[in-house]
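Okay, structure first, notes after.
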Amino acid sequence: MTRPAALQSFLDAALTSFAQRADDPRAQASIARCAKALATPGEMSKAQGARLPVCTHLQTAADPARMKAPDLAEVLKAFNALEPNLTWRRRAGDMTAASDNIAEGHANTLITGPGGLERRGDVWLGASLLAPHVRYPEHTHPPEETYLVLTEGEFQHGDSDWFTPGQGGSFYNTPGIRHAMRSGDAPLFAFWLLWADSLGA
C-alpha cells in the first residue's frame with residue numbers, strides 16, 4: 001500500500017515532536033510502538049473531508065506562525081496541508097460535566113484509526129479543537145494515550161487538579177483513566193496518540 005505524501009509528511013513531523021516532547025517513559029514506549037506500527041501504511045478512506053462550524057478557530061489555533069519552536073511549526077504546516085482531507089466530528093455519548101456550549105464548541109478528527117483518513121486498528125492519531133470557554137466531557141477509553149498540546153488550555157486526569165501543559169506540552173494517560181480538558185479565552189488545540197493494538201482491533 002502507498003501512503004499519500006501529505007499524510008506521510010504529517011506523520012513524520014508529528015511522531016518526531018511526540019517523541020521529542022514526551023518526558024514520561026511510558027509515553028516514550030507507547031510512541032515508539034506507534035511509530036513502528038505506522039511504518040506499514042493502512043487502507044486509505046475514500047470519504048471526502050468535512051468541517052464543522054467550530055473549525056473556523058483552526059485559523060488561529062493551528063497557525064504555524066504562532067509556534068515558538070520549529071518542530072511544532074513543522075507539525076502544523078504538515079497538518080494544514082492534510083486538513084482538507086480530514087473529517088471533523090462531534091463527540092458522541094456521555095457528556096458528563098461538559099459545558100452547555102459543548103455541542104457547537106468542539107470537534108475531533110481521526111487521522112489514523114478506525115474511521116480515520118488511514119483506517120487501522122492499532123494506532124489512533126487524531127486532534128481535538130475547542131472554541132473558547134468550552135469544557136470537554138470527562139471520558140475514558142481502554143488504550144493508553146499521549147497528548148501533544150499546541151495551545152494554552154487546561155487538562156485533568158485521574159484525581160489530578162487542572163494543569164496547563166502549555167504550547168508543546170506533553171502528558172500521558174494510563175489505560176482507562178478518566179480525563180477532561182477545557183479552553184480559556186482562546187481556542188484549545190491538541191493532538192493525541194493512542195496505542196490500541198492490545199485491544200485486538
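The values are calculated or read from the model by the stated rules, or taken from the named source; none is laboratory data. All values derive from a computational prediction rather than experimental measurement. All Cβ positions, even for glycine, are placed from backbone atoms using ideal geometry, and neighbour counts span all protein chains on display.
Each residue in the stretch 115-155 was checked for being surrounded by 18 or more Cβ atoms within 10 Å (Cβ to Cβ) and outside any loop (DSSP other than H, G, I, E, B), and 17 of them qualify. Listed by first and then second residue, the pairs with beta-carbon distance under 6 Å, at least 6 apart or on different chains, first residue in the stretch 120-143 and in contact (Cβ under 8 Å) with a residue 12 or more places away in the chain, second assigned to a strand (DSSP E or B) and charged (D, E, K, R), are ARG135/ARG182. Can you spot a residue in the stretch 58-81 that is of a type in the set (D, E, K, R) and surrounded by 21 or more Cβ atoms within 10 Å (Cβ to Cβ)? There is no residue in the stretch 58-81 that is of a type in the set (D, E, K, R) and surrounded by 21 or more Cβ atoms within 10 Å (Cβ to Cβ).
Are any of the residues in the stretch 141-149 modelled with pLDDT under 95 and over 14 Å from the mean Cα position of the chain (by Cα)? Within the stretch 141-149, one or more residues are modelled with pLDDT under 95 and over 14 Å from the mean Cα position of the chain (by Cα).
Determine whether the stretch 156-179 contains at least one residue that is crowded, with 20+ Cβ neighbours inside 10 Å, part of a loop (DSSP other than H, G, I, E, B), of a type in the set (Ser, Thr, Tyr) and in contact with a Phe, Trp or Tyr (Cβ under 7 Å, 6 or more places away or on another chain). Within the stretch 156-179 (the criterion being crowded, with 20+ Cβ neighbours inside 10 Å, part of a loop (DSSP other than H, G, I, E, B), of a type in the set (Ser, Thr, Tyr) and in contact with a Phe, Trp or Tyr (Cβ under 7 Å, 6 or more places away or on another chain)), the answer is no, since none of the residues qualifies. Is it fair to say TYR172 is farther than 23 Å from ILE102 by Cα, modelled with pLDDT of 95 or more and of a type in the set (Phe, Trp, Tyr)? Yes, satisfied.
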